[in-house]
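Take a look at the structure set out below.
The values are calculated or read from the model by the stated rules, or taken from the named source; none is laboratory data. What you see is a predicted model; the values in this text were computed from it and never measured. Cβ placement follows ideal geometry from the backbone for every residue including glycine, while neighbour counts extend to all protein chains displayed.
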Amino acid sequence: MSRSRRLPILFLFILIAGSLLGLAPAPAKSVRLYRALSPEGRVSYLYPSFHLPDPRIIRPSLTLLDRVKQLVIEADVADAEKHPERMVPYVMSPQPVDLAGLFTPEEVKVIRARALCNGMPFGVERLRLFFIEMMVGLPCPKPGTVLFERQLEQEAETRGYPVTALESADEEFKAVFSLPDGPVVDEIKKYTDHPDAAAESLDRMVAIYNSGDYDKLYAFTIASLPQKDGARQTFVDRVLVQRNRTMVDRMAGALAQGDALVVVGAAHLPGENGILALLQRRGFKISMVEVE
C-alpha cells in the first residue's frame, strides 16, 4: 500500500464520532447533502459531517437551518464538554503503557513531542494507545475554534429549535475504544516513522470530501483500514454497522415529523449497511442536493 493510502483508524473515528479538536472555518461554497423523503411525504436532510481542524474543509452556512425546524446530532458533545471526567476511562489506560517496549527511541521521541503540542507534557504512558494514535495522526489542535456541530447546536438553540442527540458521548467512545491494540500499535509506528504519510492521507480525504463524492470517501477509508487480526471487519461491525442501526432507530421519530436536519459522520451514510440504505429499506426516498 502506498503512503498516500495509509490511513490511520483515527481518521475514520473522526469521520464517525466527532472530535474535541477545533474546526477552522472554510470558504463558503456549495455543499452536498442528502434529502430524505419519508413514506408519509415529509422531508428531512442528512448532512455528512467530517471533523478535521483544517480550513480547506467546505462547510455550509448556518442558514442551512432555515430549511428545517429541528436538529439531530450524532453525539451529545455539549454533555461531554460539561462532564469531561466521563471520558477519562477512554483516554487513560488502566495500566501504564510500556512505550519503550513497543516503540523505538525515535518513535517515543515523536510520540512525546506530539503529546506536548496537544498540551500533555507528561503522563504519556498513562494514555490509551488509541488516544496516542490520535495525537500522532493529526495536526496539533488550534485553540479558540468550535466544532461545526456545536455551532449548529448553538444556532438551533438560539432559534428555539429542539436538539436531539442520537448517542451519548459515552456510547460513542465505548464503541471506538473497544478496538484491539495490536493494529493501533502498527498505525502509531507507521506515522511516527513516516510523518508525511498522515498529511498525504489527509490531503486525499479532504479533496474527496470537498468533491461531495461520499461513496468514494467511504470506499477509500474502508480500504485503508488495517487488516491485522481482523481489525478492519471489527471496526466496521462495532463502529459502523451496529451504531448505524441504533442511530436509524433513534432518528425515526424526528424523520417521521419531518423538517429535521440530521448531522452524522460521513462514513455512517454510504454502504449496504449505511444509514442511507437502512432508511431506503424503511421506505424513504433519498436524493442528493446542493446548498450554499
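Of the residues Leu102, Leu179, which is closer than 24 Å to Asp79 by Cα and buried (at least 16 other Cβ atoms within 10 Å of the Cβ)?
Leu179
What number of residues in segment 136-195 are out of contact with any Ser or Thr (no Cβ under 6 Å at 6 or more places or on another chain), farther than 26 Å from Leu261 by Cβ and of a type in the set (A, V, I, L, M, F, W, C)?
Looking only at that region, the number is 7.
Could you tell me whether any residue of segment 222-240 is out of contact with any Asp or Glu (no Cβ under 6 Å at 6 or more places or on another chain) and under 27 Å from Val68 (Cα atoms)?
yes
Could you go through segment 177-194 and let me know if any residue there is touching a His at 6+ places or on another chain (Cβ under 7 Å) and of a type outside the set (S, T, N, Q).
No, there is no match, as no residue in segment 177-194 is touching a His at 6+ places or on another chain (Cβ under 7 Å) and of a type outside the set (S, T, N, Q).
Considering every residue within segment 214-227, establish whether at least one is closer than 20 Å to Ala175 by Cβ, touching a Pro at 6+ places or on another chain (Cβ under 6 Å) and at pLDDT below 95.
Yes, segment 214-227 has at least one match.
Scanning segment 31-89 for residues that are surrounded by 21 or more Cβ atoms within 10 Å (Cβ to Cβ) and hydroxyl-bearing (Ser, Thr, Tyr), which turns out nearest to Arg250 (Cα to Cα)?
Looking at residues that are surrounded by 21 or more Cβ atoms within 10 Å (Cβ to Cβ) and hydroxyl-bearing (Ser, Thr, Tyr), I get Ser44.
Ala197 is checked against (1) in a helix (DSSP H, G or I); (2) hydrophobic (A, V, I, L, M, F, W, C); (3) within 25 Å of Lys69 (Cβ to Cβ) and fails just one. What number does that condition carry?
(3)
Taking the residues in segment 166-176 that are surrounded by fewer than 18 Cβ atoms within 10 Å (Cβ to Cβ) and part of a helix (DSSP H, G or I) as candidates, determine which candidate is modelled with the highest pLDDT.
Glu171
Can you find a residue that is under 30 Å from Thr63 (Cα atoms) and either among the hydroxyl-bearing types (Ser, Thr, Tyr) or assigned to a strand (DSSP E or B) (or both) anywhere in segment 236-244?
no
May I ask you to list the residues in segment 204-221 that are in contact (Cβ under 8 Å) with a residue 60 or more places away in the chain and more than 22 Å from Gln233 (Cβ to Cβ)?
Answer for segment 204-221, where residues must be in contact (Cβ under 8 Å) with a residue 60 or more places away in the chain and more than 22 Å from Gln233 (Cβ to Cβ): Arg204, Val206, Tyr209, Asn210, Gly212.
Scan segment 108-165 for residues that are of a type outside the set (S, T, N, Q), under 26 Å from Pro55 (Cα atoms) and in a loop (DSSP other than H, G, I, E, B) and jot them down.
Gly119, Met120, Leu138, Pro139, Cys140, Pro141, Lys142, Pro143, Gly144, Val146, Leu147
Do you know which of the residues in segment 238-292 that are of a type in the set (Val, Ile, Thr) and closer than 18 Å to Tyr218 by Cα is modelled with the lowest pLDDT?
Val239
Which is of a type in the set (A, V, I, L, M, F, W, C) and either in contact with a Gly (Cβ under 7 Å, 6 or more places away or on another chain) or under 18 Å from Leu46 (Cα atoms) (or both), of Ala156, Ala175?
Only one candidate passes the filter, namely Ala156.
So for segment 200-207 (the condition being assigned to a loop (DSSP other than H, G, I, E, B), modelled with pLDDT under 90 and surrounded by fewer than 21 Cβ atoms within 10 Å (Cβ to Cβ)), does at least one residue qualify?
Scanning segment 200-207 turns up no residue that is assigned to a loop (DSSP other than H, G, I, E, B), modelled with pLDDT under 90 and surrounded by fewer than 21 Cβ atoms within 10 Å (Cβ to Cβ).
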